[in-house]
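Beneath this line is the structure, given in structure tokens, with notes to follow.
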């Protein structure tokens, strides 16, 4: 660590006027319930709404302004740094300016900087493995009730270089995140384009064109169910590969908490970037996997075809997802799922060769670009995460880093 960098506790930073008192969403006796949720209003942010360093409003709950006015605290504003401290420990984000105010659940604390601290630096500092390990140790993350309240958080150590260096460090790391954000926005646009093309070509037909025929999903693709990977652990002399479960598919990557399996499993159960994966149990979703080599767990289908291209069976499987989700919800007791015979009921239109090639020429490049951008994002995130601890401990001379 460089000599002009200093370690403070959160409490010391509060006393120095550099931080406001951290505040969580402990709302006291009046706490929003699911029955209070509305379609739009003030976002009610839970730990799971913090994803990849941002507040993800896609699946968040909302409460009315009237309900929000009954709460005493837990109001976060643009620029606040968020940190989860209960059950799901150590997720971070900076509140953007989409809303003037968001409401936090008791799982999340906000940190509001005042003088001498960059909020971006603070967020990245929270992301370091050293801080994350301290947080996990203090919160007792091995237990099912991992928790670190505000009183304990005041004792957390934070290392600060001079403000100018904080900003420089944050600028370097933000350059990676900005590119990731741009790629994600491009992909969102590409997905909308692909959806529109698919709808226009297949879903608006009043009569079946010459040479087209009706079929089902089971006719155009193979749906391979994964293995019960607890039976295929790596041996003592093997380096295991991550197991792809629903959690990993949902977050788009494997992590240090992912289970490992033997790399010697049959090759068809090995997943690689660009493979189409369909989670048919629990959280139903269809997606391109871009998280590297891993082993396919049960409750997930690997979707392939010896006859049709990826764009075709991916688009049709994705098209039927909403219906599959509805079917699973109707059957749900503890965990909703669909049975394989639902695939045979899912109608598909197979074009004649000329139309198939024409539509493929539109959709295939879009899906290839989506996959390419996701893989690039994975590499950018890996480079950022490699730089993060080195920047934070002063190991890298920041003047030598070109991040433009």
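The values are calculated or read from the model by the stated rules, or taken from the named source; none is laboratory data. Since the structure is predicted, the reported quantities are computational estimates derived from the model, not experimental observations. As a convention, Cβ positions derive from the backbone with ideal geometry for all residues, glycine included, and neighbour counts pool all protein chains shown.
Screening residue 191 on (1) over 19 Å from the mean Cα position of the chain (by Cα); (2) outside any loop (DSSP other than H, G, I, E, B); (3) surrounded by fewer than 16 Cβ atoms within 10 Å (Cβ to Cβ) shows it passes everything except condition (1). Residues that are modelled with pLDDT under 90 and either over 24 Å from residue 159 (Cα atoms) or in a loop (DSSP other than H, G, I, E, B) (or both) within segment 361-404 comprise 393, 394, 395, 396, 397, 401, 402, 403, 404, listed in sequence order. Could you please let me know if residue 221 is surrounded by 14 or more Cβ atoms within 10 Å (Cβ to Cβ), within 30 Å of residue 264 (Cβ to Cβ) and either modelled with pLDDT of 95 or more or over 26 Å from the mean Cα position of the chain (by Cα) (or both)? Taking the combined requirement at face value, the residue satisfies it. Starting from residues that are in contact with a strand residue (DSSP E or B) (Cβ under 8 Å, 6 or more places away or on another chain) and in a strand (DSSP E or B), keep the ones in segment 88-107 and report whichever is surrounded by the fewest Cβ atoms within 10 Å (Cβ to Cβ). Checking each candidate, the answer is 94. A residue that is outside the structural domain of residue 287 (by TED's automatic domain parsing), at pLDDT 95 or above and under 21 Å from the mean Cα position of the chain (by Cα) cannot be found anywhere in segment 154-167. Note on segment 43-87: residues that are over 27 Å from residue 179 (Cβ atoms), touching a helix residue (DSSP H, G or I) at 6+ places or on another chain (Cβ under 9 Å) and either assigned to a strand (DSSP E or B) or modelled with pLDDT of 90 or more (or both) total 7. For segment 12-39, the set of residues classified as in contact with a helix residue (DSSP H, G or I) (Cβ under 8 Å, 6 or more places away or on another chain), modelled with pLDDT of 90 or more and part of a loop (DSSP other than H, G, I, E, B) consists of 20, 21, 22, listed by residue number. In segment 304-325, of all residues being in contact with a strand residue (DSSP E or B) (Cβ under 6 Å, 6 or more places away or on another chain) and surrounded by fewer than 20 Cβ atoms within 10 Å (Cβ to Cβ), the one that is farthest from residue 274 (Cα to Cα) corresponds to 321.
Scanning segment 120-138 for residues that are crowded, with 17+ Cβ neighbours inside 10 Å, in contact with a helix residue (DSSP H, G or I) (Cβ under 7 Å, 6 or more places away or on another chain) and in a helix (DSSP H, G or I) yields 120, 121, 124, 125, 127, 131, 138. Tell me yes or no: at least one residue of segment 333-341 is in a loop (DSSP other than H, G, I, E, B), under 28 Å from residue 357 (Cβ atoms) and assigned by TED's automatic domain parsing to the domain that holds residue 251. Looking for residues that are in a loop (DSSP other than H, G, I, E, B), under 28 Å from residue 357 (Cβ atoms) and assigned by TED's automatic domain parsing to the domain that holds residue 251, one finds none in segment 333-341, hence no.
Taking residue 177 as meeting all but one of (1) out of contact with any strand residue (DSSP E or B) (no Cβ under 9 Å at 6 or more places or on another chain); (2) under 30 Å from residue 116 (Cα atoms); (3) crowded, with 17+ Cβ neighbours inside 10 Å, write down the number of the exception. That leaves (1) as the condition not met.
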